[in-house]
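The values are calculated or read from the model by the stated rules, or taken from the named source; none is laboratory data. None of the values given here were measured: they were computed from a predicted structure. All Cβ positions, even for glycine, are placed from backbone atoms using ideal geometry, and neighbour counts span all protein chains on display. Heads up: the accessible areas ignore ligands, DNA and RNA and are worked out on the full protein's heavy atoms, side chains in. Shrake-Rupley method; radii C 1.70, N 1.55, O 1.52, S 1.80 Å.
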Amino acid sequence: MPTDRDLIYVIDFGAQYTQLIARRIREARVYCEIVPHTSTWAELRPHNPRGLVFSGGPASVYADGAPRCDPDLLSGEAPALGICYGMQLMAFLLGGRVGGGEHREYGPARLAVNRPGLLFDGLPREIDVWMSHGDRVDSPPPGFEIAAVTSGNVTAAMFDPQRRLYGVQFHPEVRHTPQGREILAHFLYRICGCKGDWTPASFVEEQVAAIRQTVGSRRVVGALSGGVDSSVAAALVYRAIGDQLTCIFVDQGLLRKDERSQVESAFRESLGMRIITVVAPERFLNKLKDVADPERKRRIIGNEFVRVFEEEASRLGEVDFLLQGTLYPDVIESGAGSAAVIKTHHNVGGIPADLKLKLLEPLRWLFKDEVRQVGLELGLPEGIVWRQPFPGPGLAVRVPGEVTEERLAMVREADWILRQEVAGAGLERSIWQYFTVLLPVRSVGVMGDERTYAHPIVIRAVTSEDAMTADWARLPYDLLGRVSSRIVNEVPGVNRVLYDITSKPPATIEWE
Ligand code: XMP
């Protein structure tokens, strides 16, 4: 992101916690970006980072193909904090000794801090931390001191104050390390000298200026889905360039019940934005005919979306930019970092190579909770800011198997019942996402005096902070009972209701 603000780079060695590290840094009001471990200091240096954080990673430094990094990252020009694998790699590259792990440490551990240095200064001498590693640093590199150990005298933290290089074997980014935020804050403020002035307001100010500069007097067409991301993106660009923005809302036949009217009323009537509604269910359903593969569904929908936008934009004439509410996790999950591609999110991976409009993605550096804060900063109504996330491919990814109008109608009705009941129980805000999935199998049931052979509906409800990890929501039994009996009674073709009690990982939130 073009910015003269404090910047920290998180060097990604493939840990599942890398994004969490980035979020914690941002929560400390310091802007950071995740970059692949192949980034060189020559590439990063021109952006003037205040510091580097080396993430953890699943590998052993001695393993074949273990991710390494440019040794110049450790030259001491910018302070660095290595976490877990990051610390081991630091030790390995700078001449320390890393040992293989008969003594795996996994879970809670107690840290004895011998030399607080700037990292632990002001904290208790004994700290509870979260460990998850096999290898360990047997002897730190020349110039380093051992700052803290765990039982058995395992090196748990080390530092070289001259070069401003720090390593911790535990995970300060997870909640199970209660003082983790303070430790990270010490690195950011005391060691890197960051000011902590990155806020939603400063983001809006920066982006409004950047959007004006990028767009000039040209026109932008906005993809509005009614979800939080595209809504905040639209409001942000509207703040910057007003009526140079036209929003297009596509009813592709994959929306939730009443979605179209809600979106139109919120944006056209309340905010006064220019919106074109395109109603094109047949077009999308025809393309999806006989397609059951989830990734193909996503790609088809993504491609078709962009085509519709292009057509509408060319009708508008003289449009140069396509606005999308792409978020940072989408960018990373789509393979921008070194993490493996998990799913093709339609607003990143599905974009056709011959796209004629330039992309404007002002939220591509933000996590979801930050988007909500920015939405509030922009004065969007809470009802929009706190809407649960809804995937771009809509209900198509909630009917595993073929997408037909009939199956969509079933999942849509079930979803509506679930939403009504969750709202009635006052649980909307405490659950990250809740929806239903129609399974392409049938089971036997009995209704009245008749045997049925019909489909099951799955209720999926999760709590999460950012959708990267999620836990299944402990919905009250009586609520589940009400939803179940309403669904089997009110949705024809459904005779069974299941509750998905899998967390992410190992499952994902959506079923496809
Ligand atoms: P998963 O299923 O990968 O989803 O755990 C994580 C979050 O992303 C949403 N999601 C999407 N959002 N386009 C989007 O804009 C997509 O293709 C897409 N797929 C999943 C999902 O609803 C959850 O909040």
Report, by residue number, each residue of the stretch 287-302 that is more than 22 Å from the chain's Cα centre (by Cα), closer than 23 Å to LEU224 by Cα and open to solvent by less than 50 Å² (accessible area, probe 1.4 Å).
LEU288, ILE300
Can you pull out every residue in the stretch 460-485 that is open to solvent by less than 40 Å² (accessible area, probe 1.4 Å) and within 15 Å of the ligand (Cβ to nearest atom)?
ARG460, ALA461, VAL462, SER464, ASP466, ALA467, ALA470, ALA473
Within the stretch 142-168, work out how many residues are surrounded by fewer than 20 Cβ atoms within 10 Å (Cβ to Cβ) and either free of Cβ contacts under 8 Å to residues at least 24 places away in the same chain or assigned to a loop (DSSP other than H, G, I, E, B) (or both).
9
Restricted to the stretch 303-351 and to residues being of a type in the set (Asp, Glu) and modelled with pLDDT under 80, the residue surrounded by the most Cβ atoms within 10 Å (Cβ to Cβ) is ASP330
Index of the failed condition, GLY180 passing every other in (1) surrounded by 20 or more Cβ atoms within 10 Å (Cβ to Cβ); (2) over 25 Å from the mean Cα position of the chain (by Cα); (3) over 16 Å from MET90 (Cα atoms)
(2)
Can you tell me how many residues in the stretch 31-43 are out of contact with any helix residue (DSSP H, G or I) (no Cβ under 7 Å at 6 or more places or on another chain) and either open to solvent by less than 10 Å² (accessible area, probe 1.4 Å) or of a type in the set (Gly, Ala, Ser) (or both)?
3
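Listed here are the residues, each with its yes/no results for (1) at pLDDT 95 or above; (2) of a type in the set (Phe, Trp, Tyr); (3) away from the ligand (no atom under 13 Å from the Cβ); (4) open to solvent by 20 Å² or more (accessible area, probe 1.4 Å).
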{"site": "LEU378", "(1), (2), (3), (4)": "no, no, yes, yes"}
{"site": "GLU382", "(1), (2), (3), (4)": "no, no, yes, yes"}
{"site": "VAL385", "(1), (2), (3), (4)": "no, no, yes, no"}
{"site": "PRO389", "(1), (2), (3), (4)": "no, no, no, no"}
{"site": "VAL397", "(1), (2), (3), (4)": "yes, no, no, no"}
{"site": "THR404", "(1), (2), (3), (4)": "yes, no, yes, yes"}
{"site": "LEU408", "(1), (2), (3), (4)": "yes, no, yes, no"}
{"site": "VAL411", "(1), (2), (3), (4)": "yes, no, yes, no"}
{"site": "TRP416", "(1), (2), (3), (4)": "yes, yes, yes, yes"}
Reported set for the stretch 448-498 where residues are among the basic types (Lys, Arg) and not in a helix (DSSP H, G or I) is ARG451, ARG460, ARG474, ARG496
Just checking, which of LEU438, LEU475, LEU480 is under 30 Å from ASP290 (Cβ atoms) and of a type in the set (A, V, I, L, M)?
LEU438
Just one of LEU52, LEU118, LEU73 is outside any loop (DSSP other than H, G, I, E, B), open to solvent by 20 Å² or more (accessible area, probe 1.4 Å) and closer than 23 Å to LEU7 by Cβ; which is it?
LEU118
Grab the helices (runs of 4 or more DSSP H) fully contained in the stretch 218-316, keeping just those with 3 or more residues being farther than 24 Å from VAL385 by Cα.
281-288, 294-316
From GLU145, GLU206, GLU182, which residue is acidic (Asp, Glu) and within 24 Å of VAL371 (Cβ to Cβ)?
GLU206
Given (1) outside any loop (DSSP other than H, G, I, E, B); (2) of a type in the set (D, E, K, R); (3) more than 26 Å from CYS32 (Cβ to Cβ), where does ASP128 come up short, assuming only one miss?
(3)
Among the residues of the stretch 413-446, write down those that are within 25 Å of MET468 (Cα to Cα) and not in a loop (DSSP other than H, G, I, E, B).
ASP415, LEU418, ARG419, VAL422, ALA423, GLN433, TYR434, PHE435, THR436, VAL437, LEU438
Does THR277 count as among the polar types (S, T, N, Q), within 16 Å of the ligand (Cβ to nearest atom) and at pLDDT 85 or above?
no
How many residues, within the stretch 486-512, are more than 16 Å from the ligand (Cβ to nearest atom), exposed (fewer than 15 other Cβ atoms within 10 Å of the Cβ) and more than 22 Å from PRO476 (Cα to Cα)?
1
Residue in the stretch 418-459 that is nearest to the ligand (Cβ to nearest atom), counting only those that are open to solvent by 20 Å² or more (accessible area, probe 1.4 Å), modelled with pLDDT of 95 or more and hydroxyl-bearing (Ser, Thr, Tyr):
SER443
